[in-house]
Amino acid sequence: MPSSYGDIDPEVFRTHGKQIVDWIADYLSHPERYPVLSRVGPGEVRAKLPPAPPSQPETLDAILADFQQIILPGITHWNHPAFFGYFSITGSMPGILGELLTAGLNVNAMLWRTSPAATELEEIVLGWLRQMVGLPEAFEGVITDTASVSSLLAVTAAREALGLKIREEGLAGRPEVPRLRMYCSEQAHSSIEKAGIILGLGRAGVRQIPVDAEFRMQADGLADAIAEDRRAGWRPFCVVATVGTTSTTSIDPVPAIADICARENLWLHVDGAYGGNLAVVPEFRYVLASCERADSIVINPHKWLFTPIDFSAFYVRQPEVLKRAFSLLPEYLRTAEGDAGAVKNYMDYGVQLGRRFRALKFWMVLRAYGAEGIAARLREHVRLAQWFAARVDASRNFERMAPTPMSTVCFRANPAGSSQPGGDLDQLNEALINAVNATGRAFLSHTKLNDRFTLRLAIGNLRTTEQHVAQTWELLQAELSRLIGQ
Ligand SMILES: Cc1ncc(COP(=O)(O)O)c(C=O)c1O
């Protein structure tokens, strides 16, 4: 076989592999060298790249030069210690090495036999995380890519548990099937509504319950909505409670919601994509209070447990229901050990057949830091958020817009002390966040709370220190002074 038909020369791979690891080590040592938010304009990266694929081989030297010159300027640096937008995340070094090994092995973790270690390590690390957050053994896990998919699996299992033969017969054209409704708060993540869309419930099938002054689902409102819907002929079947909502990290009252679900015989899914992670810190374990009563829960280590995106841990109390919802066994995927029920074939517990070996990176992160090391890092993030919140509270020019139960601070500039929603203050805060982000020295994102434009400072990166938070606080004050001419 001509050598040109095989892979590139292993020595070339070795040389460039070492260069790339060196580059990543330098990059992670000094991510501050780059502006946090990419400065390219729309279409700028694309315009520098040929629209047609190369017909002839190119050298890795040439490809990596283009990475530096074309791709890198178009990167927003989530690794920057002053990246405070959305939920700040970390691709930790042990996690990155795990990703490298996963790519090197390139196994497909669809069946036990397609890599027994991938399946069994998945079982092990999910068991470790379950113990770290204090969930009971009854919960079995499956790794998915994202919380959006984990919650989709949860709602699919909830629908399957109804016994309406939807898996076999579908939903349309069946007058005997009532309209199904699920519930979440108006602060729930959009992925919950998406699950309703995908599963044929329609957006009307997802009822959003109002929240209290601290952005938590009103349990009374939930009970009333369920009663009203039953009277109107809906079939309530599932409630999604959020531990750590996306905008403010508020925690829905899971104990009261679990009571309602038990009384009404509804599936309780907990979206702890962000906030569930905090339960690894012993004194914050209360964030998952009563979650042991849930039917399913999602926690995303790629959000706050230093695991490179993507990695979502989905737990379910009745794995057989999840399996009933998803398992299809064509002949070409049958195995003796699967037929004998001696192993778990993870393809049976979700949408995908092909599955990345994600467990490896998480295993490496957990071992490299240890449960206590991880807890210490999260504790520090919460402390930094409290530090920042205290500065906001003490300032005459800023105000806090929500409680800070975790590591995300919601606030805005309000130099005149106005209590009016919207208007000029919205414009001022939008101008402020744009000015801060344009400096490249910090990056924040925003939300709207009670119709008011609100800035969010989310702390979650391993390399963030008090100095970065303090500098960002100074930057906010300086940019505000400039804007209001003081
Ligand atoms: C509470 C909550 N749930 C779900 C999601 C969706 O997560 P993913 O990007 O893993 O789908 C997010 C994302 O921030 C979130 O904050």
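Tabulated data for the structure shown
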{"item": "Charge dipole (the chain, unit charges on Cβ, about Cα centre) - positive-most of Gln477, Phe398, Leu444", "result": "Phe398"}
{"item": "Sulfur and carbon atoms: percent of accessible area, the chain [1.4 Å]", "result": "53 percent"}
{"item": "Residues of segment 251-279 with amide N under 14 Å of a point placed 7 Å along Cα→Cβ from Glu292", "result": "255"}
{"item": "Estimated 222 nm signal from helices in the chain, with DSSP H stretches of n ≥ 4 weighted -39500 (n - 2.57), rounded to 500", "result": "-13000 deg cm²/dmol"}
{"item": "Karplus (6.51, -1.76, 1.60) ³J(HN,Hα), θ = phi - 60°, over segment 300-316, in Hz, Gly and Pro reported as x", "result": "9, x, 6, 8, 9, 10, 6, 9, x, 4, 10, 6, 10, 9, 10, 10, 9"}
{"item": "Highest-first arrangement of 155-164, 43-52, 451-460, 11-20, where packing means the average Cβ count within 10 Å", "result": "451-460, 155-164, 11-20, 43-52"}
{"item": "Virtual spin-label span in nm between Glu11 and Arg482, 7 Å along Cα→Cβ", "result": "5.3 nm"}
{"item": "Dipole magnitude (debye, nearest 20) for the chain, charges at Cβ of Lys, Arg, Asp, Glu", "result": "460 debye"}
{"item": "The chain, relative contact order in percent, only Cα pairs under 8 angstrom and at least six apart counted", "result": "21 percent"}
{"item": "Leu180 long-range amide H proximity, modeled H, under 5 Å", "result": "Arg235"}
{"item": "Potential lengthening between Asp224 and Val351 on full extension [0.36 nm per residue; Cα-Cα distance subtracted]", "result": "42.3 nm"}
{"item": "Per residue value of the accessible surface for the chain (all protein chains in place, 1.4 Å probe), Å²", "result": "46 Å²"}
{"item": "Under 23 Å from Lys323, Cα to Cα: lysines that are on another chain or at least 8 residues apart", "result": "Lys165, Lys194, Lys344"}
{"item": "Taking segment 347-481 and dividing mean pair separation by its residue count, relative contact order in percent (alpha carbons under 8 Å, at least six apart)", "result": "21 percent"}
{"item": "Linear extension gain, Ala431 paired with Arg174, 0.36 nm per residue minus alpha-carbon span", "result": "87.2 nm"}
{"item": "Residues in segment 85-118 that a label on Ile20 would reach, taking backbone N under 11 Å of a point 7 Å out along Cα→Cβ", "result": "100-101, 103-104"}
{"item": "Within the chain, percent of DSSP bridges classed antiparallel, to nearest 5", "result": "55 percent"}
{"item": "Under the Karplus curve 6.51 cos²θ - 1.76 cosθ + 1.60, θ = phi - 60°, whole-Hz ³J(HN,Hα) for segment 390-400, x wherever Gly or Pro sits", "result": "5, 5, 4, 5, 7, 8, 7, 9, 10, 9, 8"}
{"item": "Neighbour net charge for Ser88 - beta-carbon separation under 14 angstrom, K R +1, D E -1", "result": "+3"}
{"item": "Cα-based shape type of segment 1-109, given that a ≥ b ≥ c are square roots of the gyration tensor eigenvalues and the cut on a/c is 1.5", "result": "oblate"}
{"item": "14 Å reach of a label modelled at Thr335, 7 Å along Cα-to-Cβ, counting backbone N of segment 98-119", "result": "107-119"}
{"item": "Highest-first arrangement of 474-483, 316-325, where packing means the average Cβ count within 10 Å", "result": "316-325, 474-483"}
{"item": "Listed peptides 248-255, 35-42 by packing density, highest first (mean Cβ within 10 Å)", "result": "248-255, 35-42"}
{"item": "Gyration tensor (alpha-carbon) shape descriptor, the chain, a/c threshold 1.5", "result": "oblate"}
{"item": "Amide proton proximity set for Asn414, modelled H, under 5 Å, gap of 5+", "result": "Phe398, Glu399"}
{"item": "Nonlocal amide H pairs with Ile209, under 5 Å, H built at 1.01 Å", "result": "Cys184, Ser185, Glu186"}
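The values are calculated or read from the model by the stated rules, or taken from the named source; none is laboratory data. A quick note: this is a predicted structure, and the numbers were derived from the prediction, not measured. Positions of Cβ are generated from backbone atoms using ideal geometry, with glycine treated the same way; all protein chains shown enter the neighbour counts. Accessible surface is based on the protein model in full, side chains and every heavy atom, while ligands, DNA and RNA are left aside. Shrake-Rupley method; radii C 1.70, N 1.55, O 1.52, S 1.80 Å.
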